[in-house]
Amino acid sequence: MTTSSGTETSAQRLTKADPKTAWLAVLLAGLTFALFAPAIRYDYVDYDDGVYVYANQHVLRGLSLDGVRYAFTSIKGGSWMPLTWLSHMLDISMFGASPEGPHLMNVLLHSLSACVLLLALQRLTGRVWPSLLVAALFALHPLRNESVVWVAERKDVLSVLLCNLGLLAYERYVRTPNWKRFASVASWFALGLLAKPMLVSFPFILLLLDFWPLNRLGHDRTSFCRSLWPCIREKIPLFILSIVFCGVTLWSQDEIGAVSHKEFSAFTHAAQVVGNYAFYLEKFFAPAQLTILYPSKSPDSLTTTALALTLLVATGFIFWRAFRQPWLVTGWLWFLGTLVPVI
């Protein structure tokens with residue numbers, strides 16, 4: 001069934017679930033688990049793992065009333081993330097203080113996250129194999145090593161799983177909009193923020209999905225301008241959550257001294273932003289020499305200018321093709337936008 005213009009509505013496409021996707025999702029989860037399973041035998045590392053687990057007496061007591069109180073009042077580690085603290089305490093209650101349990105949970109969470117992402121992407125786009133490719137890149141790319149293998153990055157694998165569940169819930173909401181389904185989206189988002197505040201860009205991701213593949217913003221500039229405000233308005237509760245958690249995070253980072261109060265020139269700031277975007281693009285396509293920490297350096301003025309012009313030209317070209325290849329806009333702005341909290 002199509003509209004009078006011959007174009008499927010988003011709700012019509014979303015009903016086309018492919019039964020084989022569930023089996024592919026299970027296979028992807030199994031492959032992901034097999035790839036990262038060796039990490040279960042690894043020890044803790046002497047960098048932040050002590051802060052979160054093996055040297056933290058509150059966590060080592062496991063789940064308890066005092067532990068819950070600590071989880072909701074601590075900003076140790078630089079952010080307010082009570083759900084992450086509770087997950088570490090649950091590890092201790094289930095597996096004891098040995099590193100095998102936390103590593104196992106990280107691998108399981110990431111494997112489940114890959115499974116949910118594939119299901120969400122297929123439901124959103126109505127396409128199986130491109131969704132599988134994207135989900136597999138997320139699941140198996142070397143850049144995921146740090147988050148999965150490092151116990152201290154539980155906050156990342158947990159928040160991403162909750163984000164992906166939020167995407168799946170948003171697909172259900174768009175298919176049949178009602179307040180209960182929107183509440184489900186908001187709940188997954190709130191839980192993700194409680195795991196890691198970097199998820200503040202989630203409402204913007206939903207707006208990108210509204211543009212493509214959901215086509216809720218129309219297929220030309222006129223319909224886009226007419227449809228944009230209603231799509232933003234429905235997400236106002238989500239934007240409020242983002243603003244609140246941005247404020248809490250800035251406060252907590254400042255409290256532990258993680259926010260620099262040095263004065264830098266506008267060019268220095270711009271050079272760092274451009275250099276960081278270039279760095280992430282480089283590591284995505286050539287993931288070599290990966291480590292936990294990288295030297296902080298800004299490119300020289302000539303290199304910065306060249307990189308900035310390249311990014312601007314690429315962005316301009318993508319916007320020029322927005323209504324012809326809308327997937328380019330969604331993909332590019334997803335990359336640019338999700339890095340904003342840390343770039």
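The values are calculated or read from the model by the stated rules, or taken from the named source; none is laboratory data. Since we're looking at a predicted model, the values are computed, not measured. As a convention, Cβ positions derive from the backbone with ideal geometry for all residues, glycine included, and neighbour counts pool all protein chains shown. For the accessible areas, the whole protein counts, side chains as well, though only heavy atoms, and no ligand, DNA or RNA atoms are used. Shrake-Rupley method; radii C 1.70, N 1.55, O 1.52, S 1.80 Å.
Somewhere in segment 255-269, is a residue modelled with pLDDT of 95 or more, open to solvent by 70 Å² or more (accessible area, probe 1.4 Å) and either not in a helix (DSSP H, G or I) or not charged (D, E, K, R) (or both)? Within segment 255-269, none of the residues are modelled with pLDDT of 95 or more, open to solvent by 70 Å² or more (accessible area, probe 1.4 Å) and either not in a helix (DSSP H, G or I) or not charged (D, E, K, R) (or both). Of the residues examined, residue 278 is not one that is more than 22 Å from residue 341 (Cα to Cα) and either of a type in the set (Ser, Thr, Tyr) or surrounded by 13 or more Cβ atoms within 10 Å (Cβ to Cβ) (or both). Per the listing 148, 174, 134, the residue uniquely among the aliphatic types (A, V, I, L, M), within 19 Å of residue 193 (Cα to Cα) and not in a loop (DSSP other than H, G, I, E, B) is 148.
Checking each residue in segment 70-85 for being surrounded by 20 or more Cβ atoms within 10 Å (Cβ to Cβ) and of a type in the set (A, V, I, L, M) picks out 71, 81, 83. Within segment 214-246, the set of residues being part of a helix (DSSP H, G or I), more than 22 Å from residue 180 (Cα to Cα) and open to solvent by 40 Å² or more (accessible area, probe 1.4 Å) comprises 221, 222, 224, 225, 226, 228, 243, 244, 246.
Taken over segment 163-188, the criterion of being touching a residue at least 60 places away in the same chain (Cβ under 8 Å) and closer than 22 Å to residue 110 by Cβ is satisfied by 171 alone. Hey, among 67, 166, which residue is within 16 Å of the chain's Cα centre (by Cα), of a type in the set (Gly, Ala, Ser) and crowded, with 20+ Cβ neighbours inside 10 Å? Of the residues listed, the single one that is within 16 Å of the chain's Cα centre (by Cα), of a type in the set (Gly, Ala, Ser) and crowded, with 20+ Cβ neighbours inside 10 Å is 166. Selection of first residues in segment 305-320 that are open to solvent by 50 Å² or more (accessible area, probe 1.4 Å) and of second residues that are outside any helix (DSSP H, G or I), restricted to Cβ pairs under 9 Å at least 6 apart or on distinct chains, gives the following pairs, ordered by first then second residue: 306/299; 307/299. On the given criteria, is residue 190 surrounded by 22 or more Cβ atoms within 10 Å (Cβ to Cβ) and under 19 Å from the mean Cα position of the chain (by Cα)? When the stated conditions are applied, residue 190 does not pass them. Pairs under 7 Å by beta carbon, first residue open to solvent by 40 Å² or more (accessible area, probe 1.4 Å) in segment 139-158, partner in a helix (DSSP H, G or I) and among the charged types (D, E, K, R), six or more apart or different chains? What qualifies is 143/283; 146/153. Pairing each residue of segment 324-343 that is open to solvent by 40 Å² or more (accessible area, probe 1.4 Å) with any residue that is part of a loop (DSSP other than H, G, I, E, B) and of a type in the set (Phe, Trp, Tyr), provided the two are 6+ apart or on different chains, yields C-beta distances under 7 Å for 327/212. Against the condition open to solvent by less than 50 Å² (accessible area, probe 1.4 Å) and charged (D, E, K, R), how does residue 297 come out, does it pass? The answer is no for residue 297.
Under the condition of being not acidic (Asp, Glu) and not in a loop (DSSP other than H, G, I, E, B), the residues counted in segment 39-87 number 26. Suppose we keep only residues that are in contact with a His (Cβ under 7 Å, 6 or more places away or on another chain) and not hydroxyl-bearing (Ser, Thr, Tyr) within segment 50-64. Which one would you say is surrounded by the fewest Cβ atoms within 10 Å (Cβ to Cβ)? So the residue we want is 53. If you check residue 133 against the conditions, is it touching a residue at least 40 places away in the same chain (Cβ under 8 Å) and aliphatic (A, V, I, L, M)? Criteria not met by residue 133. Look at segment 35-46: where a residue is at negative phi and acidic (Asp, Glu) and a partner is at pLDDT 95 or above and crowded, with 17+ Cβ neighbours inside 10 Å, sitting 6+ places away or on another chain with Cβ atoms under 6 Å, you get 43/99. Among the residues of segment 16-49, which ones are exposed (fewer than 13 other Cβ atoms within 10 Å of the Cβ), among the aromatic types (Phe, Trp, Tyr) and under 21 Å from residue 113 (Cβ atoms)? Residue satisfying the conditions is 23 alone.
So for segment 201-213 (the condition being surrounded by 22 or more Cβ atoms within 10 Å (Cβ to Cβ), within 20 Å of residue 328 (Cα to Cα) and either at pLDDT below 95 or among the charged types (D, E, K, R) (or both)), does at least one residue qualify? Looking for residues that are surrounded by 22 or more Cβ atoms within 10 Å (Cβ to Cβ), within 20 Å of residue 328 (Cα to Cα) and either at pLDDT below 95 or among the charged types (D, E, K, R) (or both), one finds at least one in segment 201-213, hence yes.
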